[in-house]
Structures are given as C-alpha cells and as structure tokens.
Amino acid sequence: MTLERCPVCGGFLSSEAGTFEVTYEGKSFSFCSLDCMHIFQHFPQAYAEGQEPDLQAIEDLGLQD
Ligand SMILES: [Zn+2]
C-alpha cells in the first residue's frame, strides 16, 4: 500500500483523508485537511505543475489558525 502525500503541506494522507478531493484538469488531488484543499483551490496551477505558490500569497488568504 502506498501512502500518498498532501501536495500542499507534504503530510501523509491517512486512510480517512479521501474526503478532501479536488479534480483539476482531469487529475484528482487528495488533501489532508480542508485548509490544504482551500489553498490548492486558490493556486491549482502551481500545484499541478509541482510547484508551490508564494508563501506570502498563502498567508494573504488568512487560513492560518
Ligand atoms: Zn495538507
């Protein structure tokens, strides 16, 4: 069994983590949390290309707790 990683924070996805899923350009991406899913939805192109958006841009979303 292969453990997938959350493309946003790099954390491993638990078996229950399948709830957070987004399909972008025909590929599905799974996330460890709702926050990570929201961040992806703001910058889908960066993650789809294996990059990370600007940290400041993420902070500007105000998702930190
Ligand atoms: Zn995550």
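Odds and ends about this structure:
- Isolated cysteines of the chain, defined as having no other cysteine beta carbon under 4.7 Å away, are 9, 36.
- Whole-Hz Karplus values for the range 28-41 come out as 9, 10, 10, 10, 7, 7, 4, 4, 4, 5, 5, 4, 4, 5 Hz, taken residue by residue from phi with 6.51 cos²θ - 1.76 cosθ + 1.60 and θ = phi - 60°; glycine and proline positions read x.
- Over the chain: Kirkwood hydrodynamic radius from C-alpha pairwise inverse distances, Å: 12.1 Å
- Footprinting exposure proxy ranking of 63, 55, 13, fewest other C-beta atoms within 10 angstrom first, gives 55, 63, 13.
- Ellipticity estimate at 222 nm from DSSP helix runs (n ≥ 4, -39,500 (n - 2.57)) divided over the chain, nearest 500: -7500 deg cm²/dmol
- Of the residues 49, 4, the one with the fewest other Cβ atoms within 10 Å heads the list, and the complete ranking is 49, 4.
- Label-point separation in nm, residue 46 to residue 23, each point 7 Å along Cα→Cβ: 2.6 nm
Computed from the coordinates by the stated procedures, all read-outs in this text should not be read as laboratory data. Model, not experiment: these values are computed from the prediction. With ideal geometry, Cβ positions are generated from the backbone for all residues, glycine too; neighbour counts draw on all protein chains shown.
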